[in-house]
Structure formats: structure tokens, C-alpha cells
1. Under a straight-distance cross-link criterion of Cα-Cα below 26 Å, which lysines are reachable from LYS12, leaving out those fewer than 8 residues away in the same chain?
2. With an 8 Å cut-off on Cα pairs and a minimum separation of 6 or more residues, tell me the relative contact order of the chain in percent.
3. Please work out the C-alpha center-to-center distance from the stretch 1-75 to the stretch 270-308 and express it in whole Å.
4. Within a Cβ distance under 13 Å of ILE272, other residues only, what is the Lys/Arg minus Asp/Glu net charge?
5. For a quick protection proxy, order the peptides 124-133, 252-261 by their average other-Cβ count within 10 Å, most packed first.
6. Treating only the Cβ of Lys, Arg, Asp and Glu as charged (+1, +1, -1, -1), what charge dipole size does the chain show about its Cα centre? Round to the nearest 20 debye.
7. Using just the helices of the chain, give the 222 nm mean residue ellipticity in deg cm²/dmol: DSSP H runs with n ≥ 4 each add -39,500 (n - 2.57), and the total is spread over all residues, rounded to 500.
8. If I require 15 Å or longer along the helix axis, counting alpha carbons, and a Kyte-Doolittle average no lower than -0.5, what helices from the chain are left? Use full DSSP H segments.
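Readers should treat all values here as calculations from the given coordinates under stated rules, not as data from a laboratory. Fair warning: this is a prediction, and the values are worked out from it, not measured in the lab. Glycine also receives a Cβ, built like all others from the backbone with ideal geometry; neighbour counts cover every protein chain displayed.
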Amino acid sequence: MEKNSLRNLTNKKLGENITWLSVIINIFLSILKCILGIFAHSQALIGDGLHSLSDLITDITALISFKISFKPEDENHHYGHYKFSSLGALFISAFLFLFCIALIVTSIKSLFTGGGELPEWPALAAALISIIFKEWLYWKTKKIAHQLKSRVLLANAWHHRADSFSSLFVLLAIIVAMIGGENWLFMDKVVGLFLGAYLAFQSIKLLYHSSEDLLDKAPEHTMINDIREHILPTPGVIGYHQFRARRIGDLFEVDLHLQVNPNISVEEGHIIASHVKENILQQHAEVLDVLVHIEPANPQHLKEKGIYGLDQKSL
Ligand SMILES: [Zn+2]
Ligand SMILES: [Zn+2]
Ligand SMILES: [Zn+2]
């Protein structure tokens, strides 16, 4: 497939499988909740079942964008399809944000209208099953997302956390109402309000990061310095400038101007450039590609431009 160690078939399968698992769990949960809801005459539970069904939208978004991001270059995308995963993450976090706003609005509304029905055991069972499955999915997906450095999988993991937390608070509200009776029904709405606010905050963070990814954000300073450390020690390198790094989906692309002895051949210069590239790629799995522009090390090119470095010993 590709040279980059993060972009292999095993990782692709890993990311796809965890998302497929989430699809299956969401289908199972939505059927379970709807059946229990109809059986127990609970509007809330049927509504929750429909939410699980809508969770499929983000699963499918994650699946499609993750899959496409692994596609090789084609006629219309000369730089590959890496950014599709950032786009998928943007979509999922926007969806999550809208869901939170809806939750906040309905909670405030029902706080003013009051009332509501006392929950029964099917709601309790459904919430409990939801928590177990979604929390498990959250940890599993998050682990794989970090392993693959995949923002879109991380966004989907946060959606699982959102689902498990909402079920957890629903569970607490149900228990309180079952024990305390009618007077404690408001708990459910208060819980919805705080939950919505917390998750809205998380989804804004995700929204912000996936936008940054789409806008060619540079990596952290420590990482830039880490990458630069591999340039000057390469034999034959005298200096470099215009070092740049930018996001391309979940990975980074680096380009720089490399100064070498003006009297060596094009062939030799190219070998030095290849070594610089190999050194960086070997040490940094998060770097997808390095583009090196070769220049003669004369005063005109040994200028301090952008992010630069000079090997004083070679001068
Ligand atoms: Zn959800
Ligand atoms: Zn230059
Ligand atoms: Zn080349």
C-alpha cells in the first residue's frame, strides 16, 4: 500500500471494524429501545431508540470518510484523500453539537412546563444496557483512534461517550424518580441541561480541531523541532531554510529548501535529499511525505528564511 507505517491495511481494517461494530450495536440498541418503549408505553424510550438510530448517521460518516482517506491519489486528487477524514470529523462534531443544542432546548422547555410520566423498569433496563455498550465502545474506539492518530475515529469515540453519559444521567434520573416519586421528575430535565452543556463544549473542541486540520495547521513546536533535528546530521547537508509542515488529514507533510555543496553532481545532491527524507520518515510515523528542494550553498541561498538551520562545521 503505502510507505507510511500508520497507513497500512491492518490499521485500515482496525478502524473499519470498530466502526462496523458500532453500527451493529446501534442497530441492536435502537430496536431494543423501540420494542421496550412500545411495550412499556414510554415515549421517552421510543425517542431514545430513535436517537440510537440517528447515531448510525455519524457511524456511517466515520466509516465512509475513514475508508476514503486511505484511497490512493487519483486524477482529481493529486495529493491523495487524506483530508476526507478531517471533513468527516468536522461533520460528526457539528452533528454532535446540534444534538446538544436540541437537548438543552428541550430540557429548558420541559423545566417550565413541568409534569411528565413516572418512568418504569423497561426504561431502567434500556439505560443500563446502553451505558455498558456505549462506554465499552468509547474506550475501545478511543484507544484505536490514538493508535492510528485518527481524528475522525476520535470524534466518533466522543459520540459514544456522549451517548453513554446521557444514558448514565437518564439512569440516575429514573432511579431518583422511582424512589422519590412525582416531585423528583424535574431531575431528568436538570440532568439533560447540564449534560447538553458539557457535551456541547466537547463538540466545539472537536469542531475547532477538525477545522484547524482542514486549514493546514502546523504541528506543535516540540514536534517541529523534533523533525528538524534529523536534517543537519545527514552527511552532505550544509544548511536549510523555509522549513514548513502542515496537516494533511491525520498526518503531516513537510517541505524545505536544502543547501548542499555547489560543486557536487545532481545525482549526489539527490542522494543527500533522499537521505534527509528517509531519516525524517523513519523517525516520524506521523509525517506522510517530505519534499526537498535542493540549492547550492552559496551566500544567496544560505540566508535565514522562515524556519532555518545551518551546520557551522561544514561552512
Ligand atoms: Zn448519539
Ligand atoms: Zn531557498
Ligand atoms: Zn527524487
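1. Result set, ordered by chain and number: LYS3, LYS67, LYS71, LYS83, LYS134, LYS140, LYS142, LYS143, LYS149, LYS205, LYS217, LYS277.
2. After rounding, I find 17 percent.
3. 41
4. Spelling it out: positives minus negatives among the neighbours equals -4.
5. Per-residue mean Cβ counts within 10 Å order the peptides as 252-261, 124-133.
6. Charge dipole of the chain: 320 debye, to the nearest 20.
7. Taken over the chain, the calculation gives -22500 deg cm²/dmol.
8. Once both thresholds are applied, what remains is 9-39, 43-69, 84-113, 121-148, 151-180, 186-214, 266-283.
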